[in-house]
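Dropping the structure in here first, questions after.
The values are calculated or read from the model by the stated rules, or taken from the named source; none is laboratory data. This structure is a prediction, so every number in the text was calculated from the model and none was measured. Quick reminder, even Gly has a Cβ in these numbers, built from the backbone with ideal geometry, and neighbours come from all protein chains shown. These accessible areas exclude ligands, DNA and RNA; they are computed on the full protein's heavy atoms, side chains included. Shrake-Rupley method; radii C 1.70, N 1.55, O 1.52, S 1.80 Å.
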Amino acid sequence: MSVTDIQLQENTAHDDHHDDHHEQSFIEKYIFSTDHKTIAKQFLITGIFWAIIGGAFSVIFRLQLGFPDMTLEWLKPILGKWIDEGGKLDQEFYLALVTMHGTIMVFFVLTAGLSGTFSNFLIPLQIGARDMASGFMNMLSYWFFFLSSVIMFISLFLETGPAAGGWTIYPPLSALPQAIQGSAGGMTLWLVSMVFFIASTLLGGINYITTVINMRTEGMSFSRLPLTIWAFFITAVIGLLSFPVLFSAALLLVFDRSLGTSFYLSEIFIGGEALPNIGGSPILYQHLFWFLGHPEVYIVLLPALGITSEIISTNSRKPIFGYRAMIGSMLAIAFLSFIVWAHHMFVSGLNPFLGSIFMFLTLIIAVPSAVKAFNYITTLWKGNIVFTPAMLFSIGLVSFFISGGVTGIFLGNSALDINLHDTYFVVAHFHLVMGSASFFGLLAGVYHWFPKMFGRMMDEKLGYIHFWVTFVGVYLVFFPLHYIGIAGFPRRYYAFTNFDAFSAFTDLNTFVSVAAILTFGAQFIFIFNFFYSMFRGRKAPANPWRSNTLEWTTPRNPGHGNWPGAIPKVYRWPYDYSKPGAEEDFIPQHIPLSQTPESNLEEENELAKTEEVRESKNVEDSH
Amino acid sequence: MMEAQMNAPIGKVRAMNPKIFGLWLFIISITMIFISLSSAYIVKQAEGNWRIFEFPDLFKVTSLIIVLSSVSMHWSYIAAKRNNLLQIRLGLVVTAILGAAFMIGQFVAWNELVSIDVNFSGGNPAESFVYVFTGLHVAHLIGGVIFLAVMLKASFSYKVHSKSLTKIEMCTTYWHFLGGLWLYLYLFLVLNN
Ligand code: HEM
Ligand SMILES: [Cu+2]
């Protein structure tokens, strides 16, 4: 065969596709969209949906804990047979609620809802790209998440209830369908759902990493990337390395559950009957799980920290303090997060010598964490602070990060942990440092980028009310849990009424429950504000927060391709706020040095001479 | 000043083909699955209660087959660079056949394992692990064969040539990875036994 008939069609880069404007159908535009902005909104809305469910579950089990004698008959229309004749919550269903609350919050809200929303939305907009590296894979990532959500949702309605072995699904409990109802069908669906979730996270992560590395606009070097992008990038790398390990752990569990292997099972008697499984070890599961599990807590936290860096710098009207130290500490945290997992296993029979090694490594994490906390505070110090709702939520995050991080140092001590492990002290620790901090990062991000997402402003007054109630509420809920934990309350117990030693804390538990219900209620202020402002909010100006990053150079409602004309070129880092000599207190990244001689440093004046300025007429001047 | 350094002009950002880059990231995540399973194997073995048995010699044959398939894959890739359409197709077909032969070989090897009472389920984890390793590898190999079929179809519509190498380069990379992965797994199992 001759070679001349080969049709030589150059595969040109897809970069300029935005030019052929063909009308998109409704489905293409809003449902099976490959536009990163739409996909981001899909993640956000799904995340909000799950947050309501996850929050409602916590209210139900807090009712049980705070008012152990109360009749829950009135919940019968929703919970059906899970409320027994006496109007009491079913004991196994209590465990299912706790498990689902954890799973939903950690994975669906704070991983998919947070990374999925903001990595998708901000990466292309802030690095100056038309879209993600692969729009199709990105769409697939959302739909895998959607499928995973549907499966998990269905599991809530099973006869035997959803999974009930805790969000960490430790075997042997989770491996033996005959152990509790929650280990039957619900557990199977949990595992299936998680497989799709892992696929979704990996597809998303591959896209984020590829996009950040390969698709930055001209001039956008790594040392000019906004810290948001650094955070999303590092998060995606952590996810890429740790989620496959969760897959392995889950796979072996599936085999143990359904195919008769004994990876995690050995010498078990159940119902007076000996199981045939010999030779496995449940501790093996814990190692595999926490190898994901610990990095996962940083997957949840880092994006929130990135968002906070951006918002605090913008609203303090000051460059972020220690830009490089921020990047360095995130890299250090990412690295360390892979070698501390056994601090969750100090009392699992782990060799005490190994325990002290993990204790040492764990305590080192406090150093980069403290660097970050100090940098936020020094950025705020003497800043020209503008208290937008986003700013308040960011400051709230810093507060939670510190007060929750401090208790990590107690827990990281392998001797103290003998006492504290599996008590409410741990619950208090991670709800402050991970749960509330990341949740505040998510809210801050929504308040800050809402104008770019929907072209309208959210209502500020409602934002302030939402902030104060939630901020105070979170402390009222979680601070007392430290005392309850030190008093010895174990987590995941249905009731404490049978223990005389605990009766002194009954009122405190009631107090916590009341605070939790109020805090949950306050979130509806946000939900109202969110949906109302989407349609009725004040129209957003081009650059409402007078910010430096590239997303504010797009039109009010950016179309597919983000910039109607050429992509702006970048000439400076994103934190030129209140630069001495400058007319305004901010100089966006796309303003060439040669246009700002009054504020340039000496070296910058030198650089300005050699700078190649590109005409970019289409960039809306944000001054 | 630090700020000044950051505002230094840089040239155009150099970029790698995003698709190939994405494939490498995908390979990293698969590698993590096998690394985690390997360490699970080591941890479990160190805990004792571990059955030792002989691996079938057939694994040596399948190892040879998969190495050969990597050669034919690469041959096809080089042919694409030289626009030799016939060799591209031949290379892809031979690779796919060798891939299938490898899988049949693994399957026969499993039967041999069963005949010496090494079973996936109902036995010691040492036995199950062998099936997990080989089975997961074969699962990924099926993906590789599908990729080969896609490339073969592309080559028949004249879409594989020296100016359009991305896909075949990805296919080659993935195939070499699968070959390397098997050799690693085999070596790992033999050395740990
Ligand atoms: C100073 C840094 C930190 C240290 C030293 C630390 C230490 C620990 C230790 C030792 C435990 C295990 C306690 C036990 O189960 O007995 C733990 C639990 C936990 N930590 Fe931290 N931590 C730190 C920061 C963080 C951060 C930043 C996050 C999240 C973003 C986080 C999330 C969690 C979670 C979710 C758990 C509980 C998991 C569970 O058992 O369900 N921690 N922490
Ligand atoms: Cu941890």
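Over the protein assembly as shown, what percent of the accessible surface lies on carbon and sulfur atoms, probe 1.4 Å?
On the protein assembly as shown, the fraction of accessible area on carbon and sulfur atoms equals 67 percent.
What number, in nm² with one decimal, is the all-direction average of the projected area of the convex hull of the alpha-carbon atoms of the range A:531-594? All intermediate terms of the calculation are to be shown ahead of the outcome.
Working: hull surface 23.0 nm².
For the Cα atoms of the range A:531-594, the hull's average projected area reads 5.8 nm².
Let me ask something else about it. In debye, nearest 20: dipole of the protein assembly as shown around its Cα centre with unit charges on the Cβ of K, R (+) and D, E (-)?
Numbers: 45 positive and 52 negative charges, 220 e Å.
Computed about the Cα centre, the dipole is about 1060 debye.
What's the Cα-based Rg to Rh of the range A:173-315, Rh via Kirkwood?
On the way: Rg = 20.3 Å, Rh = 17.6 Å.
My calculation of the ratio gives 1.15.
Please list B:TRP110, A:TRP468 in order of solvent-accessible area, largest first, computed with a 1.4 Å probe with all protein chains present. Each step should come with its number before you reach the end.
Details: B:TRP110 55, A:TRP468 135 Å².
The residues order as A:TRP468, B:TRP110, largest area first.
How large is log10 of I(q)/I(0) for the range B:71-114 at q = 0.21 Å⁻¹ when the intensity is taken from the Debye formula with one equal scatterer per alpha-carbon?
With no solvent term, the Cα-only Debye profile gives -0.62.
Moving to a separate point now. With a point put 7 Å past each Cα toward its Cβ, work out how far A:ILE527 is from A:ALA56 in nm, to one decimal.
Rounded to a tenth, the inter-label distance reads 0.7 nm.
Apply the Kirkwood formula to the range A:375-511: the hydrodynamic radius equals the inverse of the mean of 1/r over all pairs of different alpha-carbon atoms; give it in Å with one decimal.
16.8
Charges only on Cβ, +1 for Lys and Arg, -1 for Asp and Glu: so what's the dipole of the range A:65-184 about the Cα centre, in debye to the nearest 20?
Details: 4 positive and 8 negative charges, 89 e Å.
Rounded to the nearest 20 debye, it is 420 debye.
Please calculate the 1.4 Å probe accessible area of B:VAL94, with all protein chains present, and give it to the nearest 10 Å².
60
How large is the accessible surface per residue of the protein assembly as shown, computed with a 1.4 Å probe and reported in Å² as a whole number? Before the final figure, lay out each step's value.
Details: 32520 Å² over 816 residues.
Value returned for the protein assembly as shown: 40 Å² of accessible area per residue.
Next question. Cα-Cα pairs above 48 Å in the protein assembly as shown: how many percent? Present the calculation step by step, with values, prior to reporting the outcome.
On the way: 82509 of 332520 pairs.
It works out to 25 percent of all Cα pairs.
At a Förster radius of 51 Å, what calculated FRET efficiency corresponds to the Cβ-Cβ distance of A:VAL347 and A:ILE45, to the nearest 0.05? Walk me through the intermediate numbers first.
Numbers: r = 41 Å, r/R0 = 0.80.
The computed FRET efficiency comes out at 0.80.
Let me ask something else about it. Could you give the angle, 0 to 90 degrees to the nearest 10, between helix A:460-486's Cα long axis and the longest principal axis of the Cα atoms of chain A?
40
Follow-up. A:PHE136 to A:TYR493: extension gain in nm, 0.36 nm per residue of separation minus the Cα-Cα distance?
Values: separation 357, 0.36 × 357 = 128.52 nm, distance 4.49 nm.
Length difference between fully extended and current span is 124.0 nm.
Something else now. Assuming R0 = 41 Å, can you tell me the calculated FRET efficiency for the pair A:ILE339 and B:PHE53, based on Cβ-Cβ distance, to the nearest 0.05?
Values: r = 34 Å, r/R0 = 0.83.
Result of the calculation: an efficiency of 0.75.
Straight-line reach from A:LYS88: which lysines have Cα under 25 Å away, leaving out those fewer than 8 places along the same chain?
A:LYS76
Multiply the residue gap between A:THR506 and A:ILE78 by 0.36 nm, knock off their C-alpha separation, and tell me the result in nm, one decimal place. Working shown, then result.
Working: separation 428, 0.36 × 428 = 154.08 nm, distance 2.72 nm.
Gain on extension, A:THR506 to A:ILE78, equals 151.4 nm.
Counting only helical runs of four or more DSSP H residues, what would the 222 nm mean residue ellipticity of chain A come to if each run contributes -39,500 (n - 2.57) and the total is spread over all its residues? Mind dumping the intermediate values first?
Working: 17 runs with 340 residues, N = 623.
Result for chain A: -19000 deg cm²/dmol, rounded to the nearest 500.
Using r as the Cβ-Cβ distance of A:ILE270 and B:VAL114, and R0 as 41 Å, what FRET efficiency do you calculate, to the nearest 0.05? Intermediate results must be reported in sequence, preceding the final value.
Details: r = 29 Å, r/R0 = 0.70.
So the FRET efficiency works out to roughly 0.90.
Determine the gain in length on full extension of the stretch A:LEU147-A:ASN605; use 0.36 nm per residue of separation and subtract their C-alpha separation, reporting nm with one decimal. Mind dumping the intermediate values first?
Numbers: separation 458, 0.36 × 458 = 164.88 nm, distance 5.47 nm.
Taking 0.36 nm per residue and subtracting the Cα distance, the gain is 159.4 nm.
Follow-up question, since we're still on this one. In Å, what is the Rg of the alpha-carbon atoms in the range A:30-90, and how long is Dmax?
For the range A:30-90, the Cα radius of gyration and maximum Cα-Cα distance read 17.6, 52 Å.
Rg and Dmax of the range A:484-559, Cα atoms, in Å?
Cα-based Rg and Dmax for the range A:484-559 come out at 23.2, 65 Å.
Mean projection of the alpha-carbon convex hull of the range A:311-428 over all orientations, in nm²?
7.8
Which pairs, out of A:LYS372/A:LYS461; A:LYS41/A:LYS579; A:LYS372/A:LYS579; A:LYS461/A:LYS539; A:LYS539/A:LYS609; A:LYS569/B:LYS163, put more than 28 Å between their alpha-carbon atoms? Let's see the in-between values first.
Details: A:LYS372/A:LYS461 30 Å; A:LYS41/A:LYS579 35 Å; A:LYS372/A:LYS579 23 Å; A:LYS461/A:LYS539 16 Å; A:LYS539/A:LYS609 40 Å; A:LYS569/B:LYS163 30 Å.
Violating the 28 Å Cα-Cα cut-off are A:LYS372/A:LYS461; A:LYS41/A:LYS579; A:LYS539/A:LYS609; A:LYS569/B:LYS163.
May I ask you to work out the translational diffusion coefficient for the range A:104-155 at 25 °C, viscosity 0.890 mPa s, via Stokes-Einstein with Rh from the Kirkwood sum over Cα pairs, reported in whole µm²/s? Let's see the in-between values first.
Details: Rh = 12.0 Å.
The Stokes-Einstein estimate is 205 µm²/s.
With springs only between Cα atoms under 10 Å, which of B:LEU92, B:LEU178, B:LEU165 fluctuates most in a Gaussian network model of chain B?
Looking only at B:LEU92, B:LEU178, B:LEU165, the largest GNM fluctuation is found for B:LEU165.
Taking only the Cα atoms of the range B:55-191, how large is their convex hull per residue, in Å³? Before the final figure, lay out each step's value.
On the way: hull volume 11.9 nm³, N = 137.
Given the Cα convex hull of the range B:55-191, per-residue volume reads 87 Å³.
Also: Two-decimal Rg/Rh of the range A:244-346 from alpha-carbon positions, Kirkwood Rh?
On the way: Rg = 20.9 Å, Rh = 16.8 Å.
That ratio equals 1.25.
What does the convex hull of the alpha-carbon atoms of the range A:321-382 project to on average, in nm²?
Numbers: hull surface 17.7 nm².
Orientation-averaged projected area of the Cα hull: 4.4 nm².
May I have the pair-distance distribution P(r) for the range A:516-623, computed from all Cα-Cα distances with 10 Å bins from 0 and rounded to whole percent?
All Cα pairs considered, the percentages come to 13, 33, 26, 16, 10, 3, 0.
DSSP loop (so not H, G, I, E, B), at most 14 other Cβ within 10 Å: list which GluC sites (Glu not before Pro) in the range A:57-131 pass both filters.
Of the GluC sites (Glu not before Pro), the ones in loops of the range A:57-131 whose Cβ has at most 14 other Cβ atoms within 10 Å are A:GLU85.
Positive end of the dipole of the range B:37-111, charges at C-beta (+1 Lys, Arg; -1 Asp, Glu), about the Cα centre: which of B:VAL43, B:LEU64, B:GLN106 has its Cα farthest in that direction?
Towards the positive end, the residue furthest out is B:LEU64.
Please compute the contact order of the range B:55-191 in relative form: average sequence separation of alpha-carbon pairs under 8 Å and at least six residues apart, divided by the residue count, as a percent. Walk me through the numbers before you get to the answer.
Working: 128 pairs, mean separation 45.7, N = 137.
Rounded, it is 33 percent for the range B:55-191.
Pick out, in residue order, every one of the trypsin sites (Lys or Arg not before Pro) in the range B:54-112 that is DSSP loop and has at most 14 other C-beta atoms within 10 Å; say none if there are none. Write out the running numbers ahead of the final one.
Working: sites: B:LYS60, B:LYS81, B:ARG82, B:ARG89; in loops: B:ARG82.
Filter output for the range B:54-112: B:ARG82.
Find which of A:PHE400, A:ILE320, A:VAL367 sits farthest along the positive direction of the dipole of the protein assembly as shown, computed with +1 on the beta-carbon of Lys and Arg, -1 on that of Asp and Glu, about the Cα centre.
In the protein assembly as shown, that residue is A:ILE320.
Another question about this same structure. Longest span of chain A, sites excluded, free of trypsin sites (Lys or Arg not before Pro) in DSSP loop with at most 10 other C-beta atoms within 10 Å?
Longest stretch, sites excluded: A:1-381.
I would also like to ask the following. Quick check: the distance between the Cα centres of the range A:525-598 and the range A:134-204, to the nearest angstrom?
The two parts, judged by their Cα centres, are 40 Å apart.
I'd like to know how the range B:44-87 sits against the 2.2 N^0.38 Å rule of thumb: what's its Cα Rg over that expected value? Please list the in-between numbers first.
On the way: Rg = 19.4 Å, N = 44, 2.2 N^0.38 = 9.3 Å.
Normalised Cα radius of gyration, the range B:44-87: 2.09.
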